[in-house]
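So the structure is just underneath, and the comments pick up after that.
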Amino acid sequence: METIGTLIIAKYNYWAVVVLIAIGLYAMIAKKNLVKKIIGMNIFQTAIILFYVSIGAKRGATLPIIEHGHGESTHMVHAADYINPLPHVLMLTAIVVSVATLGVALALAMRIYFHYGTLEEDEIQKKIIGDEPDKIDSSG
Amino acid sequence: MIWQLDLIILLMVVICGIAAISIRDLLGAAIMFGAYSFMMCLLWSIMGAVDVSFTEASVGAGVSTVFFVAAVFRTTRRTRD
């Protein structure tokens with residue numbers, strides 16, 4: 001008999017995914033530093049990759065490599081004996097996309113630092129508001 | 001999948017993630033993020049996704065940490081949160 005409690009405990013991978021997504025969202029929303037926000041974005045992305053890899057995992061299954069796959073002898077392949085490789089292949093693309101996103105985000109953060117001299121979001125906002133009357137004065 | 005090992009490494013992943021966003025030093029945060037990526041790579045190799053695991057080990061724990069350290073050295077280590 002499968003009660004609610006055993007169901008919750010048996011899916012511990014998904015609970016870890018929930019916790020990691022919460023950590024990533026918290027870092028993206030509540031942290032003021034831009035590099036901390038980028039770290040939170042990366043934690044969020046790896047949490048989603050963990051979710052997809054957890055979908056493909058099976059208990060008692062082995063790696064998706066068929067023994068004697070190229071031999072002449074034909075034999076039955078049971079799908080329950082092998083881990084589902086489709087989510088793995090999708091997530092390879094996601095990892096490459098995540099490192100490209102990270103590079104663009106860090107380049108933008110570096111440009112912001114060279115322009116404003118700080119990485120803190122509130123200080124940047126103060127400097128933007130402080131710059132505004134100067135621009136109006138110089139243009140008008 | 002060995003579930004004892006899986007649980008221990010899941011716990012270490014969560015601890016490394018919390019440490020990476022709560023350290024008040026950006027270089028330390030970058031190093032903790034590298035540790036987080038490596039723990040994630042161990043987790044995936046336990047779950048049987050070896051291709052995802054070695055891509056994460058080279059790209060996540062290697063290139064991402066180098067990016068973070070390079071960006072921190074060209075800007076500043078100071079952070080208020």
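The table for this structure:
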| item | result |
| --- | --- |
| Residues located in region A:22-38, provided they are under 14 Å from residue B:14 (Cα atoms) and within 7 Å of another protein chain (Cβ to nearest Cβ) | A:23, A:27 |
| Which numbered condition residue B:34 fails, given (1) under 17 Å from residue A:50 (Cα atoms); (2) surrounded by fewer than 19 Cβ atoms within 10 Å (Cβ to Cβ); (3) more than 9 Å from chain A (Cβ to nearest Cβ) | (2) |
| Close pairs (8 angstrom Cβ cut-off, 6 or more residues apart or separate chains): over 15 Å from residue B:75 (Cα atoms) in region A:105-131, among the charged types (D, E, K, R) and at pLDDT 90 or above anywhere | A:122/A:32 |
| Members of region A:7-32 found to be over 24 Å from residue A:105 (Cα atoms), buried (at least 17 other Cβ atoms within 10 Å of the Cβ) and either in contact with a Gly (Cβ under 7 Å, 6 or more places away or on another chain) or not small (Gly, Ala, Ser) (or both), listed by number | A:13 |
| Every residue from region A:33-50 that is among the aliphatic types (A, V, I, L, M) and crowded, with 20+ Cβ neighbours inside 10 Å | A:34, A:35, A:38, A:39, A:43, A:47, A:49, A:50 |
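The values are calculated or read from the model by the stated rules, or taken from the named source; none is laboratory data. Just so it is clear, the model here is predicted, and its values are computed rather than measured. Glycine also receives a Cβ, built like all others from the backbone with ideal geometry; neighbour counts cover every protein chain displayed.
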